[in-house]
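This report refers to the structure that appears directly beneath it.
The values are calculated or read from the model by the stated rules, or taken from the named source; none is laboratory data. What you are looking at is a predicted structure, and each value in this text was computed from that prediction instead of being measured. Methodologically, a virtual Cβ is constructed for each residue, glycine included, from the backbone with ideal geometry; neighbour enumeration extends over all protein chains shown.
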């Protein structure tokens, strides 16, 4: 991914992800998922995004669901050489309030 994104400004990648999310992902979100997120927000629950996917597409989804950009919990690889889907992940501690 680093090679693919070389030379691109982050703002361009963000805009492309927002466009892609709106056209290809958002229409396929289950209504039950939308309702769940709305109910969690309404009951003052903290909603976090936890994903190993590309951070820019996840952040586009977070904007779509009204999840603050500070509520993103990306894992980091335990091994710099492990590139398989079954590689071990380590999740950072949840920040204290």
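Mind listing whichever residues of the stretch 26-69 are outside any helix (DSSP H, G or I) and loosely packed, with under 13 Cβ neighbours inside 10 Å? Even if it seems obvious, please write down each step before you answer.
First, pick out the residues of the stretch 26-69 that are outside any helix (DSSP H, G or I): 29-30, 43-54, 66-69.
If the condition is that a residue be outside any helix (DSSP H, G or I) and loosely packed, with under 13 Cβ neighbours inside 10 Å, then 30, 43, 44, 45, 46, 50, 53, 66, 68, 69 are the ones that fit.
Yes or no: the stretch 74-83 includes at least one residue that is under 14 Å from the mean Cα position of the chain (by Cα), surrounded by fewer than 12 Cβ atoms within 10 Å (Cβ to Cβ) and at pLDDT below 95.
Kept after step one, since they are under 14 Å from the mean Cα position of the chain (by Cα), are these residues of the stretch 74-83: 74-76.
Filter once more, keeping what is surrounded by fewer than 12 Cβ atoms within 10 Å (Cβ to Cβ): 76.
Checking the rest, the ones that are also at pLDDT below 95 come to 76.
Within the stretch 74-83, one or more residues are under 14 Å from the mean Cα position of the chain (by Cα), surrounded by fewer than 12 Cβ atoms within 10 Å (Cβ to Cβ) and at pLDDT below 95.
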